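The values are calculated or read from the model by the stated rules, or taken from the named source; none is laboratory data. Please read all numbers here as calculations on a predicted model, not as lab measurements. Cβ sites come from the backbone with ideal geometry, for glycine too, and all protein chains shown count toward neighbours.
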Amino acid sequence: MTLLTFRFAPSPNGELHLGHAYSALLNQRLAKRSRGRLLLRIEDIDTVRCTPQFEAAMLADLKWLGFEWEKPVRRQSEHFGEYASMLDRLIREDLVYPAFMSRGEIRAYIAESERRGRDWPRDPDGVPLYPPVDKALPVHERKRRIAEKATFAWRLDVGAAVARLGKELSWAEFTDETLSDTSSVEARPLDWGDVIVARRDIPTSYHLAVVVDDALQGVSHVVRGQDLFSATGVQRMLQELLGLPQPAYFHHRLILGPDGRKLSKSFGDTGLGALRATGASPNDVRRMVGL
């Protein structure tokens, strides 16, 4: 019998907060209930914002919380070669292209388009889709710019990918945190436009790294926040393009702050370390997040 495998995959770019605690503890509960495996993955491809200090604090918080994981920990920064191999496949199959536009150029292009009366499409997070300029560049021009060390990112040609697959995609989504029933959800990768799958200096992105990691680690159940629900469509597409297995998904509720906003490191929301310093216990945290 194949063991069910769950994973908690935080990024060490700030302090863990109550939202992370809920996700970690829910994964642990589900793994114990199914007598499955529980993995910890450190998603640290952002080598500037992710630091050893944040990672050490994160591990200390998880140990204090009573989160127990299978060793060894997988750190994405130690596996760039595996991601580069997958990226090379996408390059060889003409499913990605180098995108050279800077943020300023993107803003100017979109502003000009909107000045002419066209509403620019946006992804589910509200970010404008990438303009089609670079996709139309001749191959010799792409090679010239790359040879001259121009800054670029590899973007997935989602239209070409949809045409290549020639079929509708979906995923199995659990309906609640008991994982007792699933529904089929339509994947809508086109909603995201041509997403970044790698950068010039880092041969991966969140989307590419996470599907490779889940496949290599044998993750059967991806349990993560509702804020990543729509992004699953892009990841399902990458799984199909790269021949990777499809996990089942459950996108759990978010822990919200007093103002109704989801908790975030970038807003400096109260971290687990700060709660511990005020005398809170792991059981207090469990009560705070409804577990």
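Values computed for the structure shown
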quantity: So Asp194, is it outside any loop (DSSP other than H, G, I, E, B) and at pLDDT 95 or above; calculated: no
quantity: Among the residues listed as Leu38, Leu95, the single one being of a type in the set (A, V, I, L, M), at pLDDT 95 or above and under 30 Å from His140 (Cα atoms); calculated: Leu95
quantity: Failed item, numbered, when Ala136 is tested on (1) out of contact with any Pro (no Cβ under 6 Å at 6 or more places or on another chain); (2) hydrophobic (A, V, I, L, M, F, W, C); (3) over 27 Å from Ala215 (Cα atoms); (4) surrounded by 12 or more Cβ atoms within 10 Å (Cβ to Cβ); calculated: (4)
quantity: Residue in region 173-189 that is nearest to Asp134 (Cα to Cα), counting only those that are surrounded by 14 or more Cβ atoms within 10 Å (Cβ to Cβ) and within 21 Å of the chain's Cα centre (by Cα); calculated: Pro189
quantity: Region 45-72 - residue that is of a type in the set (Val, Ile, Thr) and surrounded by fewer than 16 Cβ atoms within 10 Å (Cβ to Cβ) and, of those, nearest to Thr204 (Cα to Cα); calculated: Thr47
quantity: Considering residues of region 201-240 that are closer than 30 Å to Lys149 by Cβ and assigned to a loop (DSSP other than H, G, I, E, B) only, the residue modelled with the lowest pLDDT; calculated: Asp201
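Let's see how each residue does on (1) surrounded by fewer than 16 Cβ atoms within 10 Å (Cβ to Cβ); (2) at positive phi; (3) of a type in the set (Phe, Trp, Tyr):
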site: Arg74; (1), (2), (3): no, no, no
site: Arg89; (1), (2), (3): yes, no, no
site: Asp94; (1), (2), (3): yes, yes, no
site: Tyr97; (1), (2), (3): no, no, yes
site: Arg122; (1), (2), (3): yes, no, no
site: Asp157; (1), (2), (3): no, no, no
site: Leu165; (1), (2), (3): yes, no, no
